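What follows is a single structure, written as structure tokens, with notes after it.
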Amino acid sequence: MALNMVWLFSLVLLSSGAFAQVNAGVDETDTRAIMQANFLFHFAASNEWPEEPEADDFHIAVIGNFRLYEELLDKYALKLIGALPLKIDFFDAVDSFLERPAGQVVYCEPGGGELLRVAQQLSDEPVLLVANSEAALANGALINFVAVGNRIRYEINADRAREKGMLIGNKIMSWAVKTSP
């Protein structure tokens, strides 16, 4: 009986060691989502926003990237933007967002024509539209995430932001890899 217990104990140790080795190379964190969430929070907190006397909350909306939404919810949901509590909203697709657009900061995962539709809907609103796609600034985004080496950075269309009544903070401007008129 004692020999069987030693054998069973050894088998359990070997199995757990093998399991640990197999899973050692798997990174369960999504560093892209973590970095983008961090940037989105700082975009919200570090910009000057037009006064909205009737606003009860400050909203960040995420379209089409549930992992990013989860990261924002996990790390920033209880924070304040100025005096307003931060609320984070998720929309699975552009159409669901366009049915009831909300948010002072809107992240749109789909690019191209879908991003252009969102930009057109928000064109007269003081909303910071952020994207992660090729030609996003040309399609109406004010900030676009770009990969520089192994890092996530962003480019900004500061002139368009000013036209919409937003003043992008100096810290946000200084971290940009490129600013476009």
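The values are calculated or read from the model by the stated rules, or taken from the named source; none is laboratory data. The structure displayed is predicted, hence computed values, not measured ones. Cβ sites come from the backbone with ideal geometry, for glycine too, and all protein chains shown count toward neighbours.
Select from region 168-181 the residues that are of a type in the set (S, T, Y) and assigned to a loop (DSSP other than H, G, I, E, B) and list them in ascending order.
Answer for region 168-181, where residues must be of a type in the set (S, T, Y) and assigned to a loop (DSSP other than H, G, I, E, B): just S180.
Go through region 102-120 and count every residue that is closer than 25 Å to L167 by Cβ, modelled with pLDDT under 95 and either in contact with a Ser or Thr (Cβ under 9 Å, 6 or more places away or on another chain) or surrounded by fewer than 18 Cβ atoms within 10 Å (Cβ to Cβ) (or both).
1
Going through K87, K79 one at a time, which residue ends up being touching a His at 6+ places or on another chain (Cβ under 8 Å) and either closer than 19 Å to S133 by Cβ or not acidic (D, E) (or both)?
Values: K79 fails: touching a His at 6+ places or on another chain (Cβ under 8 Å).
Every option except K87 fails the conditions.
Say we look at region 127-167 and pick out the residues that are part of a loop (DSSP other than H, G, I, E, B) and without any contact (Cβ under 8 Å) to a residue 12 or more places away in the chain; which of these is farthest from H59 (Cα to Cα)?
Looking at residues that are part of a loop (DSSP other than H, G, I, E, B) and without any contact (Cβ under 8 Å) to a residue 12 or more places away in the chain, I get G149.
Among the residues of region 58-91, how many are surrounded by fewer than 14 Cβ atoms within 10 Å (Cβ to Cβ) and of a type in the set (D, E)?
Result for region 58-91: 1.
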